[in-house]
Amino acid sequence: MNLLALRYFCEVARCGNVTEVSRRLHVSQPAVSKSIHGLEAELNCTLLTHTSAGMELTEKGELFYEKASAALDLLDEGQRLIAPSPLASAKTLRIVSFVRFDFLPELYLAFQKRYPEISLEIRHATYRTILKEHEYDVAILPDSCLSSHQDSVFLLEDEFMLAVPGTHPLADRDQVTLEEVKNEPFVAMDLNFPARQYLEKICRQAGFQPVITMECDEFSTYTRFVQAGYGLSLVSTLSSLRLTDQVRFLHISSPRCSRMIYLAWPSSRSGYPAPRTFVNFCRDYVKQFL
């Protein structure tokens, strides 16, 4: 009996939606469906049926799910017990961040204070960075950078605002639509950064291609260019948003400007306690920003 098919079956049984399971596990929807159909053929019975609300367990499916989920729980517990990298012996936890949020240094310090036995090794990544599983333990990244070779959990939603010079005609507004600034020049991060990819994507959704007049790789640099009138910019609310007379930050009412930030780790090390401890710590820590 295929262990992966059992996992797919149990996940669909829990959430009742094949599409959601394929998104969560970063596998194709046909692959999930094919695995479950193969399991049903092997058992010679129907485990799940389609309804208007999604997928529901049949009577036999409920009986099988109870035993299958219990078996998978026992296997996961066994994996945790023999995991070669227990928290107590972990020396270094390698963190790769694709985002540069203001609160991250404080998060790292708070984790280090709680778990002094684990040293953090932190580096920044760009849009083009290819993560090799032997080179990192946990990554902090937008959904656009997720890989099929990773397990992940949602961390938070990052809203973008429009930065305009204090002298701009829109500076006194609380919110704007992107369509209103389609003829304006933009200052942006360079092509190596996910934020630049997001700017181009969201502008296309608004019906235009942004004209980039200045590229840079630091938040403080491009806000200075906005201040000097070189163009407008999209700025993450989790970066340094300081309302001044020189630069104003406006909410964008349409299209919705936000990205989903995830914590991800190599699928091959899902049972390791140290990365999981960091993930759980991060999820608790960011609740103050939600």
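The values are calculated or read from the model by the stated rules, or taken from the named source; none is laboratory data. Please read these numbers as outputs of a predicted model, since none were measured by experiment. Methodologically, a virtual Cβ is constructed for each residue, glycine included, from the backbone with ideal geometry; neighbour enumeration extends over all protein chains shown. Surface accessibility is based on the protein's heavy atoms, side chains included, excluding ligands, DNA and RNA. Shrake-Rupley method; radii C 1.70, N 1.55, O 1.52, S 1.80 Å.
Give just the number: which of (1) over 28 Å from the mean Cα position of the chain (by Cα); (2) of a type outside the set (D, E); (3) in a helix (DSSP H, G or I) does G229 not satisfy?
Evaluating G229 over (1) over 28 Å from the mean Cα position of the chain (by Cα); (2) of a type outside the set (D, E); (3) in a helix (DSSP H, G or I) leaves (3) as the failure.
Could you list all residues from the range 23-36 that are exposed (fewer than 15 other Cβ atoms within 10 Å of the Cβ) and not hydroxyl-bearing (S, T, Y)?
So in the range 23-36, the residues exposed (fewer than 15 other Cβ atoms within 10 Å of the Cβ) come out as 23, 28-31, 34.
Passing the criteria: R23, Q29, P30, A31, K34.
Among (1) crowded, with 20+ Cβ neighbours inside 10 Å; (2) over 19 Å from the mean Cα position of the chain (by Cα), where does F160 come up short?
Among (1) crowded, with 20+ Cβ neighbours inside 10 Å; (2) over 19 Å from the mean Cα position of the chain (by Cα), the lone unmet condition for F160 is (2).
Condition test on E218, is it out of contact with any Ser or Thr (no Cβ under 7 Å at 6 or more places or on another chain), charged (D, E, K, R) and over 29 Å from Q288 (Cβ atoms)?
Numbers: out of contact with any Ser or Thr (no Cβ under 7 Å at 6 or more places or on another chain): yes; charged (D, E, K, R): yes; over 29 Å from Q288 (Cβ atoms): no.
Against the criterion (out of contact with any Ser or Thr (no Cβ under 7 Å at 6 or more places or on another chain), charged (D, E, K, R) and over 29 Å from Q288 (Cβ atoms)), E218 does not qualify.
Sort through E20, E11 and tell me the only one that's in contact with a helix residue (DSSP H, G or I) (Cβ under 7 Å, 6 or more places away or on another chain) and closer than 30 Å to D143 by Cβ.
Unique residue meeting the criteria: E11.
From the list S144, S148, S152, pick out the single residue that is surrounded by fewer than 18 Cβ atoms within 10 Å (Cβ to Cβ) and under 30 Å from L178 (Cβ atoms). Steps first, answer last, please.
Details: S148 fails: under 30 Å from L178 (Cβ atoms); S152 fails: surrounded by fewer than 18 Cβ atoms within 10 Å (Cβ to Cβ).
Every option except S144 fails the conditions.
Go through the residues of the range 42-65 one by one and say whether even a single one is at pLDDT below 85, open to solvent by less than 90 Å² (accessible area, probe 1.4 Å) and of a type in the set (A, V, I, L, M).
Checking the range 42-65: at least one residue is at pLDDT below 85, open to solvent by less than 90 Å² (accessible area, probe 1.4 Å) and of a type in the set (A, V, I, L, M).
If I go through the range 253-278 residue by residue, how many of them are assigned to a strand (DSSP E or B), under 19 Å from C145 (Cα atoms) and not aliphatic (A, V, I, L, M)? Write out each step before concluding.
So the first thing to find is which residues in the range 253-278 are assigned to a strand (DSSP E or B), and the list is 253-254, 258-266.
Now drop any that are not under 19 Å from C145 (Cα atoms), which leaves 258-266.
Adding the requirement that they be not aliphatic (A, V, I, L, M) leaves 258-259, 262, 265-266.
The total comes to 5.
Name the residues in the range 146-164 that are in contact with a Phe, Trp or Tyr (Cβ under 9 Å, 6 or more places away or on another chain), over 19 Å from C203 (Cα atoms) and of a type outside the set (V, I, T), would you?
Of the residues in the range 146-164, the ones in contact with a Phe, Trp or Tyr (Cβ under 9 Å, 6 or more places away or on another chain) are 146, 150-156, 158, 160-164.
Of the ones still in play, those that are also over 19 Å from C203 (Cα atoms) are 146, 150-156.
Matches in the range 146-164: L146, Q150, D151, S152, F154, L155, L156.
Does the range 202-229 hold any residues that are open to solvent by 70 Å² or more (accessible area, probe 1.4 Å), more than 17 Å from G166 (Cα to Cα) and in contact (Cβ under 8 Å) with a residue 24 or more places away in the chain, and which are they?
If the condition is that a residue be open to solvent by 70 Å² or more (accessible area, probe 1.4 Å), more than 17 Å from G166 (Cα to Cα) and in contact (Cβ under 8 Å) with a residue 24 or more places away in the chain, then Q205, V211, E215, D217 are the ones that fit.
Go through (1) at pLDDT 90 or above; (2) of a type outside the set (V, I, T); (3) under 13 Å from Y262 (Cβ atoms) one by one and return the number of the condition S144 breaks.
So the condition that S144 fails would be (1).
Within the range 4-20, does at least one residue satisfy the condition of being in contact (Cβ under 8 Å) with a residue 40 or more places away in the chain, over 16 Å from L72 (Cβ atoms) and open to solvent by 20 Å² or more (accessible area, probe 1.4 Å)?
no
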